[in-house]
Amino acid sequence: MTAQDTPSDDGIRFLGKILGRVLHLHEGGHAFDTVESLRIASVEHHRSGSQTAYTKLRRTIDGLSEPQTLQVVRAFTYFLHLLNIAQDQETLAFERSKRSRLGDLLDAVRATGMTNEQLQKFFREALVSPILTAHPTEIRRQSTMRSEFAIVRLLDARTSAHDTEEIDAAIEREIATLWQTHMLRRSKLTVNDEIRNGLAYFDHTFFQAVPKIMREAGRAMDLPRTDDVPPFLRIGTWIGGDRDGNPFVTDTVLRDCFRLQAGHALAHYLSEVDALGLELSMSARVVEVSERIAEMAASSPDRSDHRQDEPYRRVLVHVYARLAATLRDIDPDTPPARVAVPALPYSQPAEFVADLDAIDASLRAHHGAIIADGRLRELRQKVRSFGFHLATVDLRQNSAVHEATIAELLEAVAPGTDYTALPEAERIKLLREELTSPRSLIRPFWTYSEATQTELNIFAAAREIRQRFGPQAITTSIISNARSVSDVLELLVLLKQAGLVDEEGRCALAVVPLFETIADLQMGPQIMSDLLDLPEYQHIVDGQSGTQEIMLGYSDSNKDGGFVTSNWELHKAERALVALFKARSLRLRLFHGRGGSVGRGGGPAREAIIAQPPGAVDGQIRLTEQGEVISSRYSHAEIGHDHLRTLVSATIEASLLHGEDKVNDEAEEILEALSGHAFRAYRELVFETDGFEEFFWSSTIINEVAELNIGSRPASRSKTREITSLRAIPWVFSWAQCRIMLPGWYGFGSAVADLDEGARAALPRLYEELPVFHSMVSKVISMIEKSDLSIAAHYAELVEDEALRDRIFGKIRTEWEATVDAIEQITGERPNTGPSDRSPYLDPLNHIQVALMRRARSGEELTERMHRGLLLSINGVASGLRNTG
């Protein structure tokens with residue numbers, strides 16, 4: 001396979017040529033010729049657009065044998081994987097050329113009159129926290145990702161090498177390894193698999209990038225090198241703590257999570273301390289050391305004659321031994337570290353930091369500041385950022401589960417109590433009483449249902465984990481589907497039973513309601529106002545530095561009300577919440593539940609943060625990183641550093657350089673009308689059109705998604721085909737595969753057309769002036785340009801009822817055309833709806849996918865090879881489109 005017909009550069013040309021050699025070597029000349037003829041036919045079709053070229057392309061695909069089909073699917077899929085790598089390298093090179101310093105941004109902040117002291121206070125209170133989730137949209141296996149990461153590193157090395165022969169051979173070895181590796185998982189991932197997968201990104205990016213950004217922030221604030229920047233950039237995770245819809249997350253899994261995370265952190269620290277011991281070879285015969293270091297060296301169990309005059313090394317031998325003992329204490333099954341002396345484990349990270357700080361102080365006091373500013377300073381920053389817990393794990397559960405658990409506990413202590421039958425006012429009264437009551441709702445020696453016992457065990461495990469690893473190990477408990485005051489109070493009562501709410505009414509965890517649907521977003525501010533009116537809840541918030549975190553759901557609000565209404569209602573909810581908390585002199589922290597695709601809140605991170613209403617960021621932001629977005633952002637240290645730095649810079653900019661709210665009365669009226677029209681159009685199609693569910697299930701790969709083994713959670717909340725029961729991830733993923741991208745644009749075009757003439761005329765100005773509307777339109781453009789209705793039409797042919805097919809696909813086509821027209825009216829430019837440089841390599845996979853789906857839907861039982869080809873085609877299309885989940 002070659003890439004000479006794409007407008008790309010030497011990178012993809014080079015990788016494509018190697019893939020072609022590997023294909024020829026492993027599968028033979030005939031396989032190579034088959035793939036090449038299909039590529040040429042696809043290129044010809046896209047160049048000419050002629051029916052003849054298309055007929056030739058379809059005839060070539062229809063004539064493929066089973067082995068050829070698999071060869072073609074694998075070849076095009078791997079080519080698209082390599083294209084992603086090459087384009088990432090191009091993007092990185094471009095970003096290097098225009099990268100700005102964090103110091104430039106802080107200079108702009110100082111120009112507004114802000115002092116260094118005020119900046120330092122800002123960073124002491126700041127929090128930028130990307131949260132890794134296991135939401136199943138990463139379709140690649142770790143085995144294939146390993147080789148792809150290796151290719152990235154080799155390409156980096158190739159850019160500065162004089163002789164590339166050995167590097168080129170290494171790249172070819174990795175591509176050959178890829179070809180001989182099974183692309184699909186043979187079994188479903190477990191939660192522990194997902195935890196281990198997440199740990200890899202600490203090695204790829206976080207261990208390097210986080211302390212680097214801390215150093216940059218310190219320089220930008222002109223801090224003395226002896227001062228450490230507060231760890232405002234904190235990595236979090238849901239993997240191992242997210243129970244919403246995942247019955248496999250238990251207290252055992254939560255404990256395993258911290259065993260694995262702590263083991264990973266301590267293994268890294270052991271390696272760093274070992275390297276530090278090699279570096280700090282200072283002799284007491286040459287330079288003095290502090291009294292504290294002299295005492296630590298004297299009490300070290302290291303008695304080697306070779307190190308008697310090397311106090312830092314003797315101290316570090318003891319530090320290493322204590323770390324190794326800590327690792328054994330946390331995970332007795334860990335292979336023993338190389339330890340020459342016995343030692344007691346550290347009880348907490350602060351003890352480890354204190355030892356490192358003593359070394360640092362001694363070096364700085366004795367002409368060694370430049371030495372202290374190397375590996376030692378970076379290690380000290382790492383321990384302050386990652387502790388022994390590595391990443392903060394959020395707990396999350398659905399409000400319905402909390403409700404059922406409370407109901408069972410109350411029934412056990414007061415038989416005959418039917419909590420679920422109580423009206424909201426009586427629930428609130430009862431729960432408030434329990435929050436202040438000294439009694440426990442847990443009866444000893446009582447047998448609870450498995451579901452209730454699971455919940456009690458999780459919270460008990462959380463308490464123990466916090467005691468062992470510190471309060472940063474678990475800071476948050478999230479309530480999915482929060483719809484009432486009682487939903488929040490129920491979780492507080494459960495936390496009280498686990499000893500996480502003390503006798504003074506202080507809660508150890510932040511209780512975070514997640515408002516997900518359109519109705520929830522609209523009711524969210526009132527729910528929070530009613531909660532804060534309760535003295536017991538106000539006391540909880542006061543005990544957490546007057547800060548309340550609220551999570552906003554992008555995925556379900558989009559599935560519920562469509563892209564336009566979801567975006568507008570999210571913005572309105574934020575504005576209302578900002579006003580509410582400002583009026584009560586409390587701090588609001590928003591947690592954004594964004595996915596990778598536009599249909600789930602994805603898109604450029606900086607633009608999304610800057611588009612927040614004034615006051616919505618205020619120095620603190622948390623946001624989810626999901627699925628394939630995690631690997632695309634964090635598998636390469638430099639790309640990962642740039643993304644984290646973007647999050648930090650955008651948070652500073654949105655917090656300290658924001659202007660007044662530009663959504664004035666006129667703009668609000670127009671956007672409200674736009675949202676209303678879009679909502680009606682979307683709901684009419686998805687929930688009110690007869691036969692829509694049949695169209696969706698027949699024309700997309702939703703049936704096959706569950707077989708991909710890309711996550712531990714089920715694809716649907718129930719066994720029905722109802723759209724309301726379907727999770728947002730497979731909903732968006734399925735529309736992407738058939739190239740419609742419906743969740744990212746549907747309703748926008750007709751909404752614009754339905755506005756009155758004056759409102760339509762104002763849209764170009766709003767696009768230029770309002771970040772929220774500019775971001776919305778930009779995302780619609782990106783989805784329209786990724787869609788291809790000519791490809792989508794072939795998926796629609798899978799719907800047997802021709803009248804149903806024509807009726808629904810006709811609606812979709814009409815709305816798509818209206819959206820293209822609306823974009824042109826607003827921006828002055830027509831979106832690029834023609835083939836992209838990926839089309840010649842992506843489209844054959846779609847055509848093969850449709851052909852195999854047609855055979856499967858007709859009742860033909862696909863052979864194991866053809867079934868595998870169908871699933872592989874999903875991998876290829878997802879890789880070609882990127883950010884589809």
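For this structure, a couple of remarks:
- Kyte-Doolittle at least 0.0, axis length at least 18 Å by Cα - qualifying DSSP helices, the chain: 10-27, 251-279, 311-330, 349-365, 399-413, 485-497, 518-532, 563-583, 637-656, 771-786, 864-881
- Over the chain: helical MRE at 222 nm, DSSP H runs n ≥ 4 each giving -39500 (n - 2.57), nearest 500: -20000 deg cm²/dmol
- Other-chain or far-sequence residues with amide H under 5 Å of residue 233's (modelled H): 128
- Förster-model FRET efficiency, 30 Å R0, residue 91 and residue 825, C-beta, rounded to 0.05: 0.45
- Vicinal HN-Hα couplings computed from phi for region 543-553 (Karplus, 6.51 cos²θ - 1.76 cosθ + 1.60; Hz; Gly/Pro x): x, 10, 6, x, 10, 10, 9, 10, 9, 10, x
- For region 665-881, alpha-carbon Rg over 2.2 N^0.38 Å: 1.09
- Selection of trypsin sites (Lys or Arg not before Pro), region 416-492, meeting DSSP coil and at most 16 other Cβ within 10 Å: 439
- Annotation: extensible slack from residue 414 through residue 98 equals 107.1 nm (criterion: 0.36 nm per residue apart, minus Cα-Cα distance).
- 10 °C / 1.306 mPa s Stokes-Einstein diffusion coefficient of the chain, Kirkwood radius on C-alpha pairs, µm²/s: 54 µm²/s
- Over 24 Å between alpha carbons, listed pairs 559/811; 662/811; 212/786; 779/811; 559/779: 662/811; 212/786
- Whole-Å distance, taken between Cα centres, linking region 474-525 and region 217-265: 21 Å
- Cα centroid separation - region 409-433 against region 533-603, whole Å: 28 Å
- A P(r) calculated from all alpha carbon pairs of region 394-656, with 5 Å bins opening at zero, reads 1, 6, 12, 16, 18, 16, 13, 9, 5, 3, 1, 0, 0 percent.
- Exposure rule at most 15 other beta-carbon atoms within 10 Å, DSSP loop chymotrypsin sites (Phe, Trp or Tyr not before Pro): the chain longest free segment: 1-247
- If you take the alpha carbon atoms of region 560-712 and fit the smallest convex hull around them, that volume is 146 Å³ per residue.
- Scanning residues 5 or more positions from residue 132 or on other chains, those with amide H under 5 Å from its amide H are 236, 237, 238, 625, with H placed 1.01 Å from N in the peptide plane.
- The stretch between residue 159 and residue 813, if pulled fully straight at 0.36 nm per residue, gains 230.9 nm over its current Cα-Cα span.
- Loop-located GluC sites (Glu not before Pro) across region 236-337 with a Cβ neighbour count of 14 or fewer within 10 Å are 288, with loop assigned by DSSP.
- Neighbour-limited loop hits for trypsin sites (Lys or Arg not before Pro), region 142-191 (at most 11 other Cβ within 10 Å; DSSP other than H, G, I, E, B): 186
- Computed over the alpha carbons of region 47-111, Rg followed by Dmax gives 22.8, 68 Å.
- Debye-formula intensities of region 330-462, expressed as log10 I(q)/I(0) at q = 0.20, 0.22 Å⁻¹, are -1.23, -1.37 (one equal scatterer per alpha-carbon, no solvent).
- If R0 equals 35 Å, the separation of the Cβ atoms of residue 761 and residue 694 corresponds to a calculated FRET efficiency of about 0.30.
- Global form of region 490-593, assessed from the alpha-carbon gyration tensor, a/c cut-off 1.5: prolate
- Residues whose amide H lies under 5 Å from that of residue 619, counting only those 5 or more places away or on a different chain, are 655; hydrogens are built 1.01 Å from N in the peptide plane.
- Only alpha carbons enter this Debye calculation for region 528-638, each as an equal point scatterer, and the log10 of I(q)/I(0) it gives at q = 0.10, 0.12, 0.14, 0.22 Å⁻¹ is -0.34, -0.48, -0.64, -1.20.
- With only Cα atoms counted, region 777-885 has Rg and Dmax values of 16.0, 51 Å.
- For region 448-550, the Kirkwood estimate of hydrodynamic radius, built from reciprocal distances between every pair of different alpha carbons, is 14.3 Å.
Values quoted throughout were computed directly from the atomic coordinates according to the rules given, and no laboratory measurement underlies them. Here the structure is a predicted model, which means the values were calculated and not measured. Using ideal geometry, Cβ is built from the backbone for each residue, glycine included, and neighbour counts are taken over all protein chains shown.
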